[in-house]
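The values are calculated or read from the model by the stated rules, or taken from the named source; none is laboratory data. A quick note: this is a predicted structure, and the numbers were derived from the prediction, not measured. Please note: Cβ atoms are built from the backbone with ideal geometry, for glycine as well, and neighbour counts cover all protein chains shown. Protein only, heavy atoms only, side chains kept; ligands, DNA and RNA dropped before computing areas. Shrake-Rupley method; radii C 1.70, N 1.55, O 1.52, S 1.80 Å.
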Amino acid sequence: MSESKGSTLKDLMKQNIFMILVSIAVIWITFYFLTDGKFLTARNISNLFRQMSITGMISIGMIFVIISNEIDLSAGSAMALLGGIAAILNVKLGFGVFSVIVITLLLGMLIGLWNGFWVSLKIPSFIVTLAGMLAFRGILVGITGGRTIAPVTPTFKIIGQSYLPNYLSYLIVGVLIFAMFFTSILDRKNKIENGIKVGNESENYLKLGLKSCSLLVGVFLLNQYYGVPTPVMILAIFIAIFSFVSKKTVFGRLMYAIGGNKEAVRLSGINVDKIKISIYVVHGMLVAIAGLILTSRLAAASVSAGTNAELDAIAACYIGGASTSGGVGTVFGAILGALVMASLDNGMSMMNVEPSWQYVVKGMILLLAVLFDIMSKNKK
């Protein structure tokens with residue numbers, strides 16, 4: 001049993017997940033003492049996760065882009081533009097929430113298609129999305145006249161400001177846990193039938209058990225305040241969906257393969273450009289969801305919304321273990337990276353740290369994460 005636990009620990013350390021979890025624990029304990037215990041109150045934990053939901057949603061799409069060895073600098077501006085369009089549709093044109101959501105998601109996918117199209121023409125994604133960052137912000141200023149669009153309808157506010165009833169949050173988490181175990185058992189059975197080597201069964205159940213306990217404890221803590229915030233539950237559902245997509249689907253495997261060796265994938269007959277465009281389209285949809293949550297949470301859209309959001313998401317991915325050379329990274333790691341960024345923001349804001357120092361601290365954390373990645377590669 002001790003050997004099994006040792007192996008699990010080594011496996012976690014190998015994935016950098018262990019180090020990120022330790023970092024989060026250190027950050028939380030440090031802020032607990034520096035804020036006289038206020039940091040770990042149920043109310044602040046609820047605010048922290050709600051704060052993280054927007055960066056987390058963008059990070060899910062951004063990790064797909066980074067794994068494929070590309071980048072997206074336009075995500076923050078695109079999120080602000082899509083949130084602004086949603087507010088105009090709802091406030092000025094009187095569209096219902098369902099129509100607003102559908103139109104915003106379609107526009108988000110269109111923006112992703114735009115970025116992916118230019119990247120497929122061999123223009124560096126850095127340049128394509130830098131142009132997008134400027135253009136999308138300019139369009140936002142143009143259609144809003146530089147003014148804040150508010151207030152959105154009470155129904156729209158539900159997306160970003162409401163809380164789930166306790167029983168519903170436990171029910172959803174129960175379904176997620178069941179899906180996690182069912183998928184794992186099915187995957188293991190398929191591997192055995194196809195003669196593929198599988199890991200120790202008890203280790204597998206130990207990991208699933210730890211993840212399940214973490215989810216239940218998290219829901220229990222959030223229910224000590226008003227309940228699980230709706231955007232947090234939306235984020236949890238998308239984490240589950242896109243973790244599955246990245247690990248268990250052909251699309252996910254191709255994404256990692258393209259990031260690892262694009263030319264080898266191309267020579268094997270796979271349409272690399274098509275996969276990359278698809279990744280940007282999926283990312284655009286997730287950015288649209290982040291825009292809807294942001295506008296709903298603020299009950300308004302402004303031209304300054306989403307400033308530097310893309311940088312926070314990119315930093316979250318690298319802190320969460322993504323490689324600067326592509327082909328490496330996980331959705332779960334990116335979410336933990338987003339939690340690190342949100343924890344730093346939240347804790348330093350509670351301590352009234354100057355914004356200038358907040359940027360310095362986050363910059364140093366990102367630098368250390370990339371340094372750790374490079375040192376890990378050198379060891380290999």
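Two decimals is fine: what is log10 I(q)/I(0) at q = 0.11 Å⁻¹ for the chain, from a Debye sum with one equal scatterer on every Cα and no solvent?
-0.81
Please report, largest first and rounded to whole Å, the three semi-axes of the ellipsoid equivalent to the stretch 211-319, where each semi-axis is the square root of five times an eigenvalue of the C-alpha gyration tensor.
They are 32, 20, 12 Å, listed from largest to smallest.
Do the alpha carbons of any pairs in Lys247/Lys276; Lys189/Lys247; Lys211/Lys247; Lys197/Lys274; Lys38/Lys207; Lys122/Lys276 sit beyond 21 Å of each other, and which pairs?
Too far apart for the 21 Å limit: Lys197/Lys274; Lys38/Lys207.
Using a 10 angstrom cutoff on alpha carbons, build the Gaussian network for the chain and name the most mobile of Gly252, Gly160, Gly195.
With Cα springs under 10 Å in the chain, the top fluctuation among Gly252, Gly160, Gly195 is at Gly195.
Can you list residues whose amide H is under 5 Å from Tyr163's amide H, if they're 5+ apart or on another chain and H is modeled 1.01 Å from N?
Correct list: Thr230.
Classify the stretch 28-154 as rounded, prolate or oblate from the Cα gyration tensor: take a ≥ b ≥ c as the square roots of its eigenvalues, call it rounded if a/c is under 1.5, otherwise prolate when a/b beats b/c and oblate if not.
Note, shape of the stretch 28-154 comes out oblate.
Ordered by residue, what ³J(HN,Hα) values in Hz, to whole numbers, does the stretch 98-113 give under the Karplus form 6.51 cos²θ - 1.76 cosθ + 1.60, where θ = phi - 60° and Gly and Pro are x?
4, 4, 4, 4, 4, 5, 5, 5, 5, 5, x, 5, 5, 5, x, 5
Which ³J(HN,Hα) values in Hz, rounded to whole numbers, follow from the phi angles of the stretch 119-126 under the Karplus curve 6.51 cos²θ - 1.76 cosθ + 1.60, where θ = phi - 60° and Gly and Pro get x?
Result, rounded to whole Hz: 5, 5, 8, 6, 7, x, 4, 4.
How high is the FRET efficiency between Lys248 and Met375 when r is their beta carbon distance and R₀ equals 25 Å, given to the nearest 0.05?
The pair Lys248/Met375 has a calculated efficiency of 0.20.
Would you mind working out the accessible area per residue for the chain, using a 1.4 Å probe, and quoting it in Å²?
With all protein chains present, the chain gives 49 Å² per residue.
Over the chain, with a Gaussian network built from C-alpha contacts below 10 Å, which listed residue (Thr55, Thr30, Thr295) shows the highest mean-square fluctuation?
Thr30
Once phi is turned into θ = phi - 60°, what whole-Hz ³J(HN,Hα) does the Karplus curve with 6.51, -1.76 and 1.60 give for every residue of the stretch 224-235, x standing for Gly and Pro?
6, 9, 9, x, 6, x, 3, x, 5, 5, 4, 4
For the charge dipole of the chain, defined by +1 on Lys and Arg C-beta atoms and -1 on Asp and Glu C-beta atoms about the Cα centroid, which residue among Ser23, Ala322, Gly142 has the Cα displaced farthest towards the positive pole?
Toward the positive end, the furthest listed residue is Ala322.
Between the stretch 251-300 and the stretch 52-69, what's the alpha-carbon centroid distance in Å?
Taking the Cα centre of each part, the stretch 251-300 and the stretch 52-69 sit 9 Å apart.
Residue farthest toward the positive end of the dipole of the chain, with Cβ of Lys/Arg at +1 and Asp/Glu at -1: which of Asn44, Val152, Leu254?
Value: Leu254.
Rounded to the nearest percent, how much of the accessible area of the stretch 124-226 (1.4 Å probe, protein heavy atoms only) is carbon and sulfur?
Accessible surface attributable to carbon and sulfur in the stretch 124-226 totals 70 percent.
Which of rounded, prolate, oblate describes the stretch 274-350, given a ≥ b ≥ c as roots of the alpha-carbon gyration tensor eigenvalues and a/c under 1.5 marking rounded, otherwise prolate only if a/b is larger than b/c?
oblate
Quick check: from the Cα gyration tensor, does the stretch 176-234 come out rounded (a/c under 1.5), prolate or oblate?
Prolate, because a/c is 1.5 or more and a/b exceeds b/c.
If you put +1 on each Lys and Arg Cβ and -1 on each Asp and Glu Cβ, how big is the dipole of the chain around its Cα centre, in Debye rounded to 20?
440 debye
What 222 nm value per residue comes from the helices of the chain, counting each DSSP H run with n ≥ 4 as -39,500 (n - 2.57) and dividing by all residues, nearest 500 deg cm²/dmol?
That comes out to -26000 deg cm²/dmol.
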